[in-house]
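Colleague: Before I ask anything, let me first share the structure, which is written out below as C-alpha coordinates.
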There are 2 protein chains.
Amino acid sequence: MNAKMYTRDDMIELLRKHGINPTHQRIEIAYALFSKQEHLSADQILAIVNTKHSETSKATVYNTLNLFVEKKLIREVIVDPSKVFYDPNTYEHHHFYDVVSGHLTDIDAADFKISGLPQLPAGVITEGIDIIVRIRPQGVAA
Amino acid sequence: MNAKMYTRDDMIELLRKHGINPTHQRIEIAYALFSKQEHLSADQILAIVNTKHSETSKATVYNTLNLFVEKKLIREVIVDPSKVFYDPNTYEHHHFYDVVSGHLTDIDAADFKISGLPQLPAGVITEGIDIIVRIRPQGVAA
DNA sequence: CCAATTATTGGACTTTGTCTAATGATTTCA
DNA sequence: TGAAATCATTAGACAAAGTCCAATAATTGG
(Lines give C-alpha, C1' and ligand atoms only; values in the text may rest on other atoms or scores of the structure.)
Protein backbone atom coordinates (compact mmCIF):
# COMPACT_ATOMS: atom_id res chain seq x y z
CA MET A 1 0.00 0.00 0.00
CA ASN A 2 2.88 2.37 0.69
CA ALA A 3 3.73 4.30 -2.46
CA LYS A 4 7.46 3.86 -2.13
CA MET A 5 9.36 5.45 -4.98
CA TYR A 6 11.75 3.16 -6.76
CA THR A 7 14.56 4.15 -9.06
CA ARG A 8 16.20 1.99 -11.68
CA ASP A 9 19.24 1.85 -9.44
CA ASP A 10 17.08 0.31 -6.74
CA MET A 11 16.16 -2.34 -9.25
CA ILE A 12 19.79 -3.10 -10.05
CA GLU A 13 20.49 -3.55 -6.38
CA LEU A 14 17.40 -5.70 -5.94
CA LEU A 15 18.31 -7.92 -8.88
CA ARG A 16 21.88 -8.37 -7.64
CA LYS A 17 20.61 -9.22 -4.18
CA HIS A 18 18.67 -12.07 -5.77
CA GLY A 19 21.57 -13.30 -7.85
CA ILE A 20 20.20 -11.96 -11.11
CA ASN A 21 22.38 -10.28 -13.67
CA PRO A 22 20.89 -6.81 -14.09
CA THR A 23 20.53 -6.38 -17.82
CA HIS A 24 18.69 -3.53 -19.46
CA GLN A 25 15.55 -5.54 -20.10
CA ARG A 26 15.46 -7.08 -16.66
CA ILE A 27 15.81 -3.69 -15.03
CA GLU A 28 12.92 -2.32 -17.04
CA ILE A 29 10.68 -5.29 -16.29
CA ALA A 30 11.45 -5.11 -12.59
CA TYR A 31 10.90 -1.39 -12.65
CA ALA A 32 7.51 -1.80 -14.31
CA LEU A 33 6.38 -4.23 -11.62
CA PHE A 34 7.82 -2.51 -8.57
CA SER A 35 7.05 1.07 -9.42
CA LYS A 36 3.42 0.24 -10.17
CA GLN A 37 3.10 -1.98 -7.10
CA GLU A 38 0.33 -3.74 -8.92
CA HIS A 39 -0.58 -7.16 -10.17
CA LEU A 40 0.35 -7.22 -13.83
CA SER A 41 0.09 -9.89 -16.47
CA ALA A 42 2.87 -10.70 -18.91
CA ASP A 43 1.19 -8.90 -21.79
CA GLN A 44 0.65 -5.79 -19.66
CA ILE A 45 4.31 -5.77 -18.77
CA LEU A 46 5.25 -6.29 -22.39
CA ALA A 47 3.15 -3.26 -23.29
CA ILE A 48 4.62 -1.10 -20.52
CA VAL A 49 8.26 -1.78 -21.32
CA ASN A 50 7.63 -1.07 -24.99
CA THR A 51 5.56 2.11 -24.67
CA LYS A 52 8.12 4.51 -26.11
CA HIS A 53 9.64 2.25 -28.71
CA SER A 54 9.93 -1.49 -28.92
CA GLU A 55 12.83 -2.56 -26.76
CA THR A 56 12.00 -5.93 -25.32
CA SER A 57 10.66 -9.05 -26.97
CA LYS A 58 7.86 -11.26 -25.78
CA ALA A 59 10.27 -14.14 -25.23
CA THR A 60 12.41 -12.01 -22.94
CA VAL A 61 9.44 -10.87 -20.90
CA TYR A 62 8.39 -14.46 -20.30
CA ASN A 63 11.95 -15.63 -19.66
CA THR A 64 12.49 -12.81 -17.22
CA LEU A 65 9.25 -13.23 -15.31
CA ASN A 66 9.93 -16.93 -14.88
CA LEU A 67 13.42 -16.14 -13.72
CA PHE A 68 12.13 -13.60 -11.20
CA VAL A 69 9.65 -16.14 -9.84
CA GLU A 70 12.34 -18.78 -9.57
CA LYS A 71 14.62 -16.37 -7.72
CA LYS A 72 11.71 -15.33 -5.50
CA LEU A 73 11.81 -11.71 -6.51
CA ILE A 74 8.12 -11.82 -7.37
CA ARG A 75 5.24 -14.26 -6.99
CA GLU A 76 2.80 -15.78 -9.45
CA VAL A 77 -0.87 -15.31 -8.68
CA ILE A 78 -3.09 -17.89 -10.30
CA VAL A 79 -6.72 -16.85 -10.12
CA ASP A 80 -7.76 -16.41 -13.71
CA PRO A 81 -7.67 -19.41 -16.00
CA SER A 82 -6.65 -17.24 -18.92
CA LYS A 83 -3.55 -15.54 -17.57
CA VAL A 84 -1.05 -15.42 -14.76
CA PHE A 85 -0.56 -12.30 -12.68
CA TYR A 86 2.77 -11.32 -11.21
CA ASP A 87 2.96 -9.83 -7.78
CA PRO A 88 5.94 -7.75 -6.64
CA ASN A 89 4.84 -8.04 -3.04
CA THR A 90 6.53 -11.09 -1.56
CA TYR A 91 5.51 -10.30 1.97
CA GLU A 92 3.18 -13.02 3.20
CA HIS A 93 -0.27 -12.10 2.02
CA HIS A 94 -3.37 -13.28 0.23
CA HIS A 95 -5.81 -11.84 -2.30
CA PHE A 96 -9.24 -10.51 -2.96
CA TYR A 97 -10.19 -11.27 -6.51
CA ASP A 98 -13.06 -9.35 -8.04
CA VAL A 99 -14.54 -11.89 -10.43
CA VAL A 100 -16.36 -9.17 -12.36
CA SER A 101 -13.57 -6.66 -12.96
CA GLY A 102 -10.69 -9.11 -12.66
CA HIS A 103 -9.03 -6.82 -10.15
CA LEU A 104 -6.72 -8.17 -7.47
CA THR A 105 -6.17 -6.64 -4.04
CA ASP A 106 -3.83 -7.69 -1.28
CA ILE A 107 -4.91 -9.07 2.07
CA ASP A 108 -2.34 -9.01 4.81
CA ALA A 109 -1.76 -12.54 6.03
CA ALA A 110 -2.27 -11.29 9.56
CA ASP A 111 -5.89 -10.51 8.72
CA PHE A 112 -6.62 -14.21 8.44
CA LYS A 113 -6.72 -16.01 11.74
CA ILE A 114 -5.95 -19.56 10.76
CA SER A 115 -5.72 -21.48 13.99
CA GLY A 116 -5.71 -25.02 12.62
CA LEU A 117 -4.03 -26.54 9.64
CA PRO A 118 -4.93 -29.79 7.94
CA GLN A 119 -2.68 -32.79 8.30
CA LEU A 120 -0.18 -32.99 5.46
CA PRO A 121 0.00 -36.19 3.46
CA ALA A 122 3.05 -38.27 4.39
CA GLY A 123 6.37 -37.39 2.80
CA VAL A 124 5.53 -33.95 1.56
CA ILE A 125 6.48 -30.46 2.60
CA THR A 126 4.45 -27.27 2.28
CA GLU A 127 5.49 -24.80 -0.37
CA GLY A 128 2.98 -22.18 0.61
CA ILE A 129 -0.67 -21.47 1.18
CA ASP A 130 -2.62 -19.39 -1.29
CA ILE A 131 -5.93 -17.96 -0.22
CA ILE A 132 -8.21 -16.28 -2.71
CA VAL A 133 -11.34 -14.53 -1.54
CA ARG A 134 -13.52 -14.22 -4.58
CA ILE A 135 -15.70 -11.15 -4.40
CA ARG A 136 -18.31 -9.48 -6.56
CA PRO A 137 -19.80 -5.98 -6.48
CA GLN A 138 -23.09 -6.00 -4.63
CA GLY A 139 -26.00 -6.13 -7.04
CA VAL A 140 -24.06 -7.38 -10.03
CA ALA A 141 -25.56 -10.70 -11.06
CA ALA A 142 -23.58 -13.89 -11.32
CA MET B 1 -13.30 -40.23 -0.40
CA ASN B 2 -16.34 -42.51 -0.25
CA ALA B 3 -16.40 -44.64 -3.39
CA LYS B 4 -20.08 -44.21 -4.05
CA MET B 5 -21.22 -46.00 -7.15
CA TYR B 6 -23.08 -43.87 -9.62
CA THR B 7 -25.23 -45.03 -12.47
CA ARG B 8 -26.15 -43.08 -15.54
CA ASP B 9 -29.67 -42.84 -14.13
CA ASP B 10 -28.23 -41.09 -11.11
CA MET B 11 -26.71 -38.59 -13.50
CA ILE B 12 -30.05 -37.96 -15.20
CA GLU B 13 -31.62 -37.26 -11.84
CA LEU B 14 -28.72 -35.05 -10.81
CA LEU B 15 -28.88 -33.04 -14.01
CA ARG B 16 -32.64 -32.56 -13.71
CA LYS B 17 -32.23 -31.48 -10.11
CA HIS B 18 -29.97 -28.70 -11.35
CA GLY B 19 -32.27 -27.65 -14.15
CA ILE B 20 -30.14 -29.17 -16.89
CA ASN B 21 -31.63 -31.03 -19.81
CA PRO B 22 -30.10 -34.49 -19.62
CA THR B 23 -28.83 -35.18 -23.10
CA HIS B 24 -26.64 -38.10 -24.04
CA GLN B 25 -23.44 -36.12 -24.04
CA ARG B 26 -24.19 -34.36 -20.78
CA ILE B 27 -24.94 -37.63 -19.07
CA GLU B 28 -21.65 -39.09 -20.22
CA ILE B 29 -19.67 -36.06 -19.14
CA ALA B 30 -21.32 -35.98 -15.73
CA TYR B 31 -20.78 -39.72 -15.41
CA ALA B 32 -17.08 -39.37 -16.21
CA LEU B 33 -16.66 -36.77 -13.49
CA PHE B 34 -18.80 -38.29 -10.78
CA SER B 35 -17.84 -41.92 -11.19
CA LYS B 36 -14.14 -41.08 -11.06
CA GLN B 37 -14.60 -38.67 -8.17
CA GLU B 38 -11.44 -36.97 -9.36
CA HIS B 39 -10.25 -33.64 -10.56
CA LEU B 40 -10.23 -33.83 -14.33
CA SER B 41 -9.32 -31.32 -16.98
CA ALA B 42 -11.39 -30.71 -20.09
CA ASP B 43 -9.06 -32.67 -22.33
CA GLN B 44 -9.06 -35.63 -19.95
CA ILE B 45 -12.85 -35.64 -19.99
CA LEU B 46 -12.85 -35.39 -23.75
CA ALA B 47 -10.61 -38.43 -23.91
CA ILE B 48 -12.72 -40.42 -21.46
CA VAL B 49 -16.05 -39.85 -23.17
CA ASN B 50 -14.55 -40.80 -26.51
CA THR B 51 -12.62 -43.91 -25.48
CA LYS B 52 -14.74 -46.43 -27.35
CA HIS B 53 -15.57 -44.37 -30.38
CA SER B 54 -15.80 -40.67 -30.92
CA GLU B 55 -19.13 -39.50 -29.60
CA THR B 56 -18.71 -36.01 -28.23
CA SER B 57 -17.00 -32.99 -29.70
CA LYS B 58 -14.57 -30.69 -28.01
CA ALA B 59 -17.04 -27.81 -28.27
CA THR B 60 -19.67 -29.83 -26.43
CA VAL B 61 -17.29 -30.78 -23.66
CA TYR B 62 -16.41 -27.14 -23.06
CA ASN B 63 -20.02 -25.99 -23.39
CA THR B 64 -21.15 -28.64 -20.97
CA LEU B 65 -18.49 -28.05 -18.36
CA ASN B 66 -19.22 -24.35 -18.36
CA LEU B 67 -22.91 -25.10 -18.03
CA PHE B 68 -22.29 -27.45 -15.11
CA VAL B 69 -20.22 -24.80 -13.36
CA GLU B 70 -22.88 -22.18 -13.94
CA LYS B 71 -25.56 -24.50 -12.56
CA LYS B 72 -23.30 -25.35 -9.63
CA LEU B 73 -23.15 -29.05 -10.38
CA ILE B 74 -19.36 -28.92 -10.30
CA ARG B 75 -16.65 -26.43 -9.39
CA GLU B 76 -13.68 -25.04 -11.25
CA VAL B 77 -10.33 -25.39 -9.56
CA ILE B 78 -7.73 -22.90 -10.73
CA VAL B 79 -4.28 -23.90 -9.59
CA ASP B 80 -2.38 -24.58 -12.76
CA PRO B 81 -1.85 -21.70 -15.16
CA SER B 82 -2.15 -24.02 -18.11
CA LYS B 83 -5.49 -25.69 -17.48
CA VAL B 84 -8.64 -25.67 -15.40
CA PHE B 85 -9.63 -28.66 -13.31
CA TYR B 86 -13.23 -29.58 -12.66
CA ASP B 87 -14.28 -30.88 -9.30
CA PRO B 88 -17.45 -32.91 -8.80
CA ASN B 89 -17.28 -32.39 -5.07
CA THR B 90 -19.27 -29.26 -4.25
CA TYR B 91 -19.17 -29.81 -0.54
CA GLU B 92 -17.18 -27.01 1.05
CA HIS B 93 -13.57 -27.97 0.82
CA HIS B 94 -10.11 -26.85 -0.21
CA HIS B 95 -7.13 -28.41 -1.94
CA PHE B 96 -3.66 -29.75 -1.65
CA TYR B 97 -1.83 -29.20 -4.89
CA ASP B 98 1.31 -31.18 -5.54
CA VAL B 99 3.35 -28.78 -7.63
CA VAL B 100 5.58 -31.57 -8.88
CA SER B 101 3.03 -34.15 -10.00
CA GLY B 102 0.19 -31.70 -10.57
CA HIS B 103 -2.06 -33.86 -8.44
CA LEU B 104 -4.98 -32.39 -6.49
CA THR B 105 -6.37 -33.71 -3.23
CA ASP B 106 -9.32 -32.52 -1.20
CA ILE B 107 -9.10 -30.93 2.21
CA ASP B 108 -12.28 -30.86 4.24
CA ALA B 109 -13.13 -27.27 5.06
CA ALA B 110 -13.53 -28.30 8.66
CA ASP B 111 -9.82 -29.11 8.81
CA PHE B 112 -9.04 -25.42 8.50
CA LYS B 113 -9.73 -23.41 11.59
CA ILE B 114 -10.21 -19.94 10.24
CA SER B 115 -11.24 -17.83 13.16
CA GLY B 116 -10.87 -14.39 11.63
CA LEU B 117 -11.75 -13.06 8.22
CA PRO B 118 -10.42 -9.92 6.64
CA GLN B 119 -12.64 -6.91 6.23
CA LEU B 120 -14.35 -6.90 2.84
CA PRO B 121 -13.99 -3.81 0.67
CA ALA B 122 -17.17 -1.71 0.69
CA GLY B 123 -19.98 -2.68 -1.61
CA VAL B 124 -18.90 -6.21 -2.41
CA ILE B 125 -20.11 -9.64 -1.44
CA THR B 126 -18.10 -12.82 -1.06
CA GLU B 127 -18.46 -15.45 -3.73
CA GLY B 128 -16.30 -17.99 -1.99
CA ILE B 129 -12.91 -18.64 -0.50
CA ASP B 130 -10.40 -20.86 -2.25
CA ILE B 131 -7.50 -22.19 -0.28
CA ILE B 132 -4.68 -24.00 -2.01
CA VAL B 133 -1.96 -25.64 0.01
CA ARG B 134 0.92 -26.12 -2.36
CA ILE B 135 2.96 -29.15 -1.46
CA ARG B 136 6.01 -30.93 -2.81
CA PRO B 137 7.42 -34.40 -2.14
CA GLN B 138 10.16 -34.24 0.47
CA GLY B 139 13.60 -34.22 -1.14
CA VAL B 140 12.45 -33.15 -4.59
CA ALA B 141 14.15 -29.89 -5.41
CA ALA B 142 12.35 -26.75 -6.37
C1' DC C 1 41.26 -8.41 -26.94
C1' DC C 2 39.71 -12.89 -27.52
C1' DA C 3 37.02 -16.77 -26.17
C1' DA C 4 33.40 -18.41 -23.50
C1' DT C 5 29.34 -17.66 -21.41
C1' DT C 6 24.99 -15.49 -20.91
C1' DA C 7 21.01 -12.91 -22.70
C1' DT C 8 17.92 -11.47 -26.26
C1' DT C 9 15.37 -11.98 -30.39
C1' DG C 10 11.75 -13.02 -34.16
C1' DG C 11 8.97 -16.06 -35.37
C1' DA C 12 7.25 -20.64 -35.64
C1' DC C 13 4.82 -23.62 -32.80
C1' DT C 14 1.71 -25.68 -29.06
C1' DT C 15 -2.09 -25.76 -26.10
C1' DT C 16 -6.29 -24.34 -24.05
C1' DG C 17 -10.29 -22.57 -24.94
C1' DT C 18 -13.93 -19.78 -27.78
C1' DC C 19 -16.73 -18.74 -31.74
C1' DT C 20 -19.53 -19.49 -35.74
C1' DA C 21 -22.65 -21.07 -38.92
C1' DA C 22 -24.76 -25.25 -40.13
C1' DT C 23 -27.06 -29.30 -38.79
C1' DG C 24 -29.67 -32.25 -35.82
C1' DA C 25 -32.75 -33.22 -32.03
C1' DT C 26 -36.69 -31.92 -28.97
C1' DT C 27 -40.46 -29.62 -27.53
C1' DT C 28 -44.73 -27.17 -28.08
C1' DC C 29 -49.19 -26.69 -29.09
C1' DA C 30 -52.69 -25.73 -32.55
C1' DT D 1 -49.77 -35.19 -35.91
C1' DG D 2 -46.74 -31.96 -37.85
C1' DA D 3 -44.79 -27.40 -38.55
C1' DA D 4 -42.37 -23.97 -36.13
C1' DA D 5 -39.62 -22.65 -32.56
C1' DT D 6 -36.26 -23.72 -29.38
C1' DC D 7 -32.32 -26.05 -27.79
C1' DA D 8 -28.04 -28.95 -28.37
C1' DT D 9 -24.23 -30.59 -30.98
C1' DT D 10 -20.71 -30.31 -34.33
C1' DA D 11 -16.36 -29.43 -37.24
C1' DG D 12 -13.29 -26.57 -37.88
C1' DA D 13 -11.62 -21.83 -37.95
C1' DC D 14 -9.90 -18.75 -34.77
C1' DA D 15 -7.75 -16.33 -30.60
C1' DA D 16 -4.62 -15.77 -26.82
C1' DA D 17 -1.08 -17.22 -23.62
C1' DG D 18 2.96 -19.14 -23.41
C1' DT D 19 7.13 -22.11 -25.08
C1' DC D 20 10.80 -23.33 -28.10
C1' DC D 21 14.50 -22.79 -31.28
C1' DA D 22 18.37 -21.44 -33.75
C1' DA D 23 20.67 -17.22 -34.72
C1' DT D 24 22.54 -13.01 -33.07
C1' DA D 25 24.08 -9.77 -29.59
C1' DA D 26 25.96 -8.46 -25.28
C1' DT D 27 28.77 -9.29 -21.40
C1' DT D 28 32.42 -11.25 -18.71
C1' DG D 29 36.74 -13.13 -17.29
C1' DG D 30 41.26 -14.05 -18.16
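The values are calculated or read from the model by the stated rules, or taken from the named source; none is laboratory data. What you are looking at is a predicted structure, and each value in this text was computed from that prediction instead of being measured. Here Cβ is always computed from backbone atoms with ideal geometry, including for glycine, and neighbour counts include all displayed protein chains. Protein only, heavy atoms only, side chains kept; ligands, DNA and RNA dropped before computing areas. Shrake-Rupley method; radii C 1.70, N 1.55, O 1.52, S 1.80 Å.
Colleague: Tell me which residues, restricted to the range A:71-93, are within 8 Å of another protein chain (Cβ to nearest Cβ) and within 18 Å of residue A:127 (Cα to Cα).
Modeller: Correct list: A:76, A:78, A:79.
Colleague: Looking at (1) within 14 Å of chain B (Cβ to nearest Cβ); (2) within 14 Å of DNA strand C (Cβ to nearest atom), find the lone condition where residue A:97 falls short.
Modeller: (2)
Colleague: Quick one: which helices (runs of 4 or more DSSP H) lie wholly within the range A:1-58 and hold at least 3 residues that are open to solvent by 70 Å² or more (accessible area, probe 1.4 Å) and closer than 21 Å to residue A:72 by Cα?
Modeller: Working: elements: A:8-17, A:24-36, A:42-49.
Because the criterion is at least 3 residues that are open to solvent by 70 Å² or more (accessible area, probe 1.4 Å) and closer than 21 Å to residue A:72 by Cα, the helices (runs of 4 or more DSSP H) in the range A:1-58 that meet it are A:8-17.
Colleague: Check residue A:77 against each of (1) surrounded by fewer than 17 Cβ atoms within 10 Å (Cβ to Cβ); (2) within 16 Å of the chain's Cα centre (by Cα); (3) within 11 Å of DNA strand D (Cβ to nearest atom) and name the one condition it does not meet.
Modeller: The failed condition is (1).
Colleague: Please find, among A:128, A:139, A:102, the residue that is facing chain B (nearest Cβ under 7 Å) and either farther than 26 Å from residue B:113 by Cβ or surrounded by fewer than 18 Cβ atoms within 10 Å (Cβ to Cβ) (or both). Write out each step before concluding.
Modeller: Values: A:139 fails: facing chain B (nearest Cβ under 7 Å); A:102 fails: facing chain B (nearest Cβ under 7 Å).
After ruling out the rest, the residue left standing is A:128.
Colleague: Still on this model: Look at the range B:87-116 and say how many of its residues are within 24 Å of residue B:62 (Cα to Cα) and within 16 Å of DNA strand D (Cβ to nearest atom).
Modeller: Qualifying residue count, the range B:87-116: 1.
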